Every structure is written in C-alpha cells, then in structure tokens.
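Worksheet for the structure shown next.
The values are calculated or read from the model by the stated rules, or taken from the named source; none is laboratory data. These numbers were taken from a predicted model, which means no experiment stands behind them. Here the Cβ positions follow ideal geometry from the backbone for every residue, glycine too, while neighbour counts run over all protein chains shown.
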Amino acid sequence: MSSVLDLARPELRRLRPYTAGAYEPDCIRLNANESPWRLPGDKSERGLNIYPPPRPFDLRAALARYYAASEEELLVTRGSSEAIDVLIRGFCRAGEDGILICPPTFDMYRLYAGIQGAEVVTVPLSERDDFALDADRVVRAAGEHTKIVFICSPNNPTGGSIPRPRIEAICDALAGRALVVIDEAYHEFANAESCLHLRESYEHVVLLRTLSKCVALAGARCGALIAAPEVIEFLGGVLPPYTFPTPSTELVLSALVEDSLRVSDERIALIKRERQRLAAAFLDLPAVTKVYPSDANFLLVRTRDAQAFAEAARQADILIRLFPAEPALADCVRITVGRPRDNDRLLQAVAGVEWIDES
Ligand code: PMP
C-alpha cells in the first residue's frame with residue numbers, strides 16, 4: 001500500500017536512529033558525560049549542566065493542546081525556520097528532487113533548498129491581481145521530482161491569505177505526488193480560518209506554526225510542524241536529538257498560560273486595528289500608490305520611490321524593509337505594524353516624502 005513516506009528520501013528511511021541515553025530524574029547520571037554541578041546562577045528547573053531530553057516532550061504536549069492536535073502529530077522545532085529545513089532535508093535528494101514556491105514569498109524556502117542542493121521551481125503570484133495564487137499553474141508546474149510545494153498563507157511579504165478553495169484544489173491534485181506545506185506563521189492576525197484541520201483529510205499536508213509573531217516569543221525560537229504521525233516520526237529521525245535548549249522549553253512553558261495568552265490576544269486585536277488605521281493613512285499619502293490587503297502583522301506598500309520612503313523612516317530612527325532582489329517589489333516597502341506611538345511616528349516621518357515625478 002502506498003504511503004506519504006514514499007515521497008521521502010529512501011536512504012533516510014533506512015537510517016538507524018540515534019539511541020539516546022536513559023533519563024531518570026531520581027538516578028545519578030554517569031551515562032552522558034555531563035558536569036555533575038550546576039553553574040552558579042543556574043536557576044533553571046532542570047539544570048543546564050544536563051542535556052535537555054532528546055525531544056522537549058512537555059513542551060510538545062503543551063503545544064499540541066495549544067494547536068488542538070495530538071502529540072504524535074507535532075514536532076517542536078527551533079522556530080518554523082528549522083521545520084522548513086528539516087522538511088527539505090527529509091524529502092529532497094540533493095541534485096534530484098526539488099520544491100515549488102510562489103514568489104514573492106518567504107525567502108528561506110529558497111535558501112534551505114539551495115543549501116540542500118534541491119531544485120526550486122517558481123510559479124510567481126499574479127502582481128496584477130494583488131499577488132493572487134494560481135492553483136492550476138501550481139499543479140501543472142509540480143513535476144515528477146517536486147517533493148514539496150510551499151504555500152505561505154498569509155503570505156510574507158505580500159500579506160494576503162490564499163483562499164481556502166485554492167489550497168484545497170492543490171491538496172487534491174497533489175495527493176500522492178508531493179507534500180503540501182502550508183506555512184501559517186501569521187495566521188493569528190488573519191480573519192480566515194486556519195488550514196490546520198486539512199491534515200485530517202490529507203496525509204500529505206503539513207502545517208507550520210510559530211510563536212515568533214503572535215505570542216511575542218521570537219527570541220525563544222519555538223515553532224511547530226503539524227502533520228500525519230508517520231511524517232512526524234520520520235522527521236523525528238532527520239532532526240537530531242537534543243536540539244531544543246532547556247531555557248527555551250522552560251520559558252515557553254511558562255508563557256503558554258492563560259494570563260499571557262489573554263494578553264497576546266488583546267495585542268493581536270490591537271495590531272489588527274492599527275493595521276487598518278495605518279493602511280488608510282498610507283493611502284492618503286502622495287508618495288504611496290497602493291497598500292495591499294493584509295491578513296498579517298505587516299503591510300506591503302507600493303510607493304513612488306521605495307528608497308526615499310525608507311530613508312525618511314530611517315531619519316526618524318525607524319527601520320522598514322526593502323526588497324532589492326525582488327523585481328516585482330522594486331517600489332515596495334514592508335512595514336511591520338508597531339505600537340500606536342511607533343506607527344504615529346512613522347506616519348509623521350513619511351508624510352512629507354518627495355519623489356521625482358517622471359511623467
Ligand atoms: N514562515 C514565514 C512566512 C515567516 O515570515 C517566518 C519569519 N519571518 C518564518 C516562517 C520563520 O519564523 P520563525 O523561525 O521565527 O518561526
């Protein structure tokens with residue numbers, strides 16, 4: 001019977017996994033060549049002198065509850081960036097297999113594919129149509145050696161969500177042909193429903209989530225890869241053991257409690273209100289020609305002169321993002337929605353931006 005793992009690198013499926021040393025809290029540990037003493041000032045619960053568990057099991061349980069998944073469906077990663085890496089390493093043979101992406105999109109898909117020696121097929125989003133994704137073209141472009149199709153929704157840096165029927169059309173067409181990885185790094189800022197439940201209908205669908213954006217934990221580097229249990233088990237053999245640091249585990253566990261999550265929810269609501277306010281204010285500026293619809297915590301803004309716009313922000317000590325390597329975004333800037341007072345300061349800084357009118 002065929003399995004989604006038929007898409008994975010066959011040589012990795014045969015690789016014998018590493019056997020981790022036993023961990024029993026009540027035993028003296030003379031089995032892992034660690035220091036027997038804590039460093040002065042080490043206030044961690046577990047002790048930083050001993051290795052973390054091979055996988056952060058408690059954190060996995062907490063994240064599974066948070067995303068309403070089962071523990072067997074979830075792999076904890078160092079940010080969702082590591083999830084992208086481990087997927088490409090697990091499914092793409094160097095020089096033979098590849099991924100498909102829809103630029104402009106998150107650049108790390110391309111980078112990790114390059115590092116792995118995987119080919120990158122591109123199906124650009126339609127610039128004329130607010131960077132819409134053409135599901136038919138994606139399906140047609142996915143070739144025999146395309147092992148992973150990355151769909152970023154809401155998409156970074158364009159900001160829009162990919163409509164559910166298009167995502168489902170791609171999932172339907174690529175069953176048994178490629179993994180469909182739906183990167184929902186910005187989902188919490190969207191009004192659309194999450195695609196998390198698609199994994200119940202499709203064993204080749206993988207979801208990526210992160211605590212970096214919505215829960216204010218970018219520095220803790222905590223992401224989640226959610227997929228069918230056999231995919232998680234396989235990737236658990238690709239991601240080396242002991243990668244997730246003890247301080248991050250303890251910190252995230254202490255943050256995933258009702259009080260902090262309520263604060264996060266309030267802040268997400270504020271970011272969404274500020275996003276709307278900023279979008280309207282940008283549209284009133286003579287230097288702005290378009291503000292793209294956004295379901296994320298940033299806005300993509302087309303300007304008459306992106307350099308001048310960014311320079312005006314820089315004069316007020318504000319950094320915004322330019323895209324010199326992406327021709328479709330040559331005039332664009334990406335602006336993260338900040339605190340209301342930061343947003344006011346930005347609006348003030350760019351209000352007088354001048355540009356060279358070439359008409
Ligand atoms: N996916 C997307 C679409 C992103 O924009 C980012 C970060 N900018 C990531 C994944 C990775 O985030 P992290 O590694 O912090 O989870």
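Things to note:
- You will find that of Phe323, Phe298, the residue that is among the aromatic types (Phe, Trp, Tyr) and farther than 19 Å from Ser212 by Cβ is Phe323 and no other.
- A count restricted to the stretch 152-166 and to residues that are surrounded by fewer than 21 Cβ atoms within 10 Å (Cβ to Cβ) and within 9 Å of Leu133 (Cβ to Cβ) stands at 2.
- Near pairs, Cβ below 6 angstrom, 6+ apart or cross-chain, from the stretch 144-158 (over 13 Å from Met108 (Cβ atoms)) to any residue that is among the hydroxyl-bearing types (Ser, Thr, Tyr): Ser153/Ser161; Pro154/Ser161; Pro154/Tyr186; Asn155/Thr105; Thr158/Tyr292
- Leu251 being modelled with pLDDT of 95 or more, within 16 Å of the ligand (Cβ to nearest atom) and more than 19 Å from the chain's Cα centre (by Cα): yes
- Residue satisfying all of: in the stretch 118-133; without any contact (Cβ under 8 Å) to a residue 24 or more places away in the chain and either in a loop (DSSP other than H, G, I, E, B) or farther than 24 Å from Val86 by Cβ (or both); farthest from the ligand (Cβ to nearest atom) among these: Arg128
- When every residue of the stretch 291-302 is checked against the conditions, none turns out to be in contact (Cβ under 8 Å) with a residue 40 or more places away in the chain, surrounded by 15 or more Cβ atoms within 10 Å (Cβ to Cβ) and basic (Lys, Arg).
- Conditions (1) hydrophobic (A, V, I, L, M, F, W, C); (2) touching a residue at least 12 places away in the same chain (Cβ under 8 Å); (3) not in a helix (DSSP H, G or I); number of the one not met by Leu319: (2)
- You will find that of Val263, Val238, the residue that is more than 20 Å from the chain's Cα centre (by Cα) and more than 16 Å from the ligand (Cβ to nearest atom) is Val263 and no other.
- Exclusive hit being within 16 Å of the ligand (Cβ to nearest atom) and outside any loop (DSSP other than H, G, I, E, B), set Asp58, Asp85: Asp85
- In the stretch 103-117, residue nearest to the ligand (Cβ to nearest atom) [restricted to those that are closer than 20 Å to Ala185 by Cβ and part of a loop (DSSP other than H, G, I, E, B)]: Phe106
- Checking Glu250, Glu266, Glu311, Glu274 one by one, the residue that is closer than 30 Å to Pro17 by Cα, of a type in the set (Asp, Glu) and part of a helix (DSSP H, G or I) is Glu250 and no other.
- Pick from the stretch 134-167, criterion out of contact with any Phe, Trp or Tyr (no Cβ under 7 Å at 6 or more places or on another chain) and of a type in the set (Val, Ile, Thr), ranking: nearest to the ligand (Cβ to nearest atom): Ile151
- Given (1) in contact with a helix residue (DSSP H, G or I) (Cβ under 9 Å, 6 or more places away or on another chain); (2) closer than 28 Å to Leu251 by Cβ; (3) away from the ligand (no atom under 16 Å from the Cβ); (4) of a type in the set (Gly, Ala, Ser), number of the condition Ala94 does not satisfy: (2)
- Counting the residues of the stretch 298-312 that are closer than 17 Å to Thr158 by Cα and touching a Ser or Thr at 6+ places or on another chain (Cβ under 6 Å) gives 3.
- Considering (1) at pLDDT below 95; (2) of a type in the set (Val, Ile, Thr); (3) within 16 Å of the ligand (Cβ to nearest atom), the lone condition that Thr19 does not fulfil carries the number (3).
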